[in-house]
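The values are calculated or read from the model by the stated rules, or taken from the named source; none is laboratory data. The shown structure was predicted, so the numbers you read here are calculated from the model rather than taken from an experiment. Heads up, the Cβs are rebuilt from the backbone with ideal geometry, glycines too, and the neighbour counts pull from every protein chain shown.
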2 protein chains.
Amino acid sequence: MLELAILGLLQEAPMHGYELRKELATKLGTLRAAISYGTLYPTLKRLKLAGWISEAEANSDIIPPLTSKRGRVVYKITADGKERFADLLTQTGPETYDDAGFGVHFTFFSRTDQATRLRILEGRRRRIEERREGLREILARAADRLDAYTLELQRHGLDACEREVRWLEELITNERSGRTPAGRNRAAGTPAAETAPPPETPRPHQDRP
Amino acid sequence: MLELAILGLLQEAPMHGYELRKELATKLGTLRAAISYGTLYPTLKRLKLAGWISEAEANSDIIPPLTSKRGRVVYKITADGKERFADLLTQTGPETYDDAGFGVHFTFFSRTDQATRLRILEGRRRRIEERREGLREILARAADRLDAYTLELQRHGLDACEREVRWLEELITNERSGRTPAGRNRAAGTPAAETAPPPETPRPHQDRP
DNA sequence: TGACGATGTATCGAGCCGATACATCGGAGC
DNA sequence: GCTCCGATGTATCGGCTCGATACATCGTCA
């Protein structure tokens, strides 16, 4: 998952670790918490070993902030890495639909073909619907067995689920009609286009078992 | 965190692993995903070693579902464990305010004194407010640098934050006026009492550094 | 009888986190 | 000019957690 995120960011531009972490924190939204260095650096090492990314001392004079001494290491994606990224983008498994996985995939939706986008949105919806049904079950059946606070927590969780399902429904509808995710409550005034990707050859894909 | 959850559940009744996991999954709500056995059993071992819980082959005839052979292991909390639980209940640190930690603490609010409840709710609110401000910052400053999908993800995240803050505000208000968390939209008809804990000696506590 | 799913205990490898250490840089304040 | 400090930056370690896996028992339905 983190692999996909890193390759995706390095596809946009070469970066060093610190920068990567910041981008990760801001772009990946609330679903995916900030990554720790204890995770990031070993992963970078792994990706380098696999040949997806390459490491280069930043002595290029285009980025002057480094004056000397201790080099900061700039990572860039390789040709193999780009291929790998394209593969990971369309691959979906169970982990695609949990909070972290969905957040990462969604972030790169503008580089994902429509068929895959739809598949991921629907998979996520299914996942949340299951969670929602579980909560409804509890609230209906075991409500008297639970204390007021626990109950309140379940209710809040249910509310969040229902809200997310509605959000996903909206996105799916938009997706099917080929629109970009226009601002929901920004009633008008926003151009809202530019990122709409071309229909693209939609090679059908199944979730891998 | 899991330690607190386990001790809390065993405080209610002795259980074996499987049961524990199910309770964990249902009661801890959406904030804390279901725990895996690869986590549960090592933790139980650790707690047993520390003396907080004890293990007993279920040959008591009060629980007859076991007929013979392979014993299922029933765990029960010890006196030391109860003490430990009471300590953990009032202790708050940074991890108290993340999704998992807050979920667990909230679940046991009916066994927590009011001062601690208030402290936890306010800490959680602060945490979510920070996240919210971060998102607003991004949405205000870097909106044009982000593509439509990433933007939509941020908006959805911001929405969830605002909603949770409002929820917390409500709980805090209720808490201050000494009420139990009454059903928000269950307009009437629900007794809503019974679990309101007595004011209790509110020994003031600070977050440990 | 035998297949199946729920119940139940347990471990392993790998990923991930928080804490920690160390080093450089630009600026604020003295 | 000096020192302190916070942001930038790289890197590792111990410990927790997960998903996968293995194994065994039970009731049930065909």
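For first residues located in region A:67-78 and surrounded by 15 or more Cβ atoms within 10 Å (Cβ to Cβ), partners that are assigned to a loop (DSSP other than H, G, I, E, B) and at pLDDT 65 or above and lie 6+ apart or on another chain with Cβ distances below 8 Å form the pairs A:74/A:14; A:75/A:14; A:77/A:14; A:77/A:52; A:78/A:51; A:78/A:52. Of all the listed residues (B:99, B:113, B:87), the sole one being within 14 Å of chain A (Cβ to nearest Cβ), modelled with pLDDT of 90 or more and over 30 Å from residue A:131 (Cα atoms) is B:113.
For region B:21-59, enumerate the residues that are among the acidic types (Asp, Glu) and part of a helix (DSSP H, G or I). Steps first, please.
From region B:21-59, those among the acidic types (Asp, Glu) are B:23, B:55, B:57; that's our starting set.
Across region B:21-59, the qualifying residue is only B:23.
Residues that are touching a residue at least 60 places away in the same chain (Cβ under 8 Å) and in a helix (DSSP H, G or I) are absent from region B:126-138 altogether. Going through (1) modelled with pLDDT of 90 or more; (2) under 26 Å from residue B:117 (Cα atoms); (3) in a helix (DSSP H, G or I) one by one, residue B:18 falls short only on (2). Applying a threshold of 9 Å to beta carbon distances and a minimum spacing of six or more residues, or different chains, the list of pairs starting in region A:31-42 at a residue that is more than 6 Å from DNA strand D (Cβ to nearest atom) and ending at one that is in a loop (DSSP other than H, G, I, E, B) reads A:31/A:98; A:32/A:1; A:33/B:98; A:34/A:28; A:35/A:28. Under the condition of being more than 7 Å from chain B (Cβ to nearest Cβ) and closer than 17 Å to residue B:160 by Cβ, the residues counted in region A:136-160 number 3.
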